[in-house]
């Protein structure tokens, strides 16, 4: 899924990680309850949510009664997988960037042999699946 803006500010990213980890619609007050303490002020939640709405990262999916008022329910429109795919695609598509696939793959390998083997296995499986599709 393509989004208008292919990057998130640190505050927007934190809100999205809350959506991705909770995997359910949330109100602004629920998002505030799950934020890291001191990362951003409570009164900045609505401008941040409005920016995420405007850029197509979240949608309003209903409302919920909280205390004596109705609160909007928001849910992620862009999955973590789609967001990461967009980030990596943007790097590959940037013609001014001297990006090297080998360097990228080397960066994935962190020296943890078990983790590296898992990554290699997943890449091999993906390459097998991809080559079967293109034949």
Hey, residue 52 touching a helix residue (DSSP H, G or I) at 6+ places or on another chain (Cβ under 7 Å), closer than 16 Å to residue 11 by Cα and surrounded by 12 or more Cβ atoms within 10 Å (Cβ to Cβ) or not: yes
With criteria (1) in contact with a strand residue (DSSP E or B) (Cβ under 9 Å, 6 or more places away or on another chain); (2) within 28 Å of residue 107 (Cα to Cα); (3) assigned to a loop (DSSP other than H, G, I, E, B), residue 24 comes up short on (2)
Assigned to a strand (DSSP E or B) and modelled with pLDDT under 85 - does that describe any residue in the range 78-89? no
Determine if the range 24-38 includes at least one residue that is closer than 25 Å to residue 90 by Cβ and either under 18 Å from the mean Cα position of the chain (by Cα) or touching a residue at least 40 places away in the same chain (Cβ under 8 Å) (or both). no
Looking at the range 27-49, which of the residues that are modelled with pLDDT of 85 or more and not in a helix (DSSP H, G or I) is farthest from residue 77 (Cα to Cα)? 35
Would you check which residues across the range 90-134 are assigned to a helix (DSSP H, G or I) and touching a helix residue (DSSP H, G or I) at 6+ places or on another chain (Cβ under 7 Å) and list them? 108, 119
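The values are calculated or read from the model by the stated rules, or taken from the named source; none is laboratory data. Keep in mind that what you see is a predicted model, and the values were worked out from it rather than measured. Every residue, glycine as well, gets a Cβ built from its backbone with ideal geometry; the counts of neighbours run over all protein chains shown.
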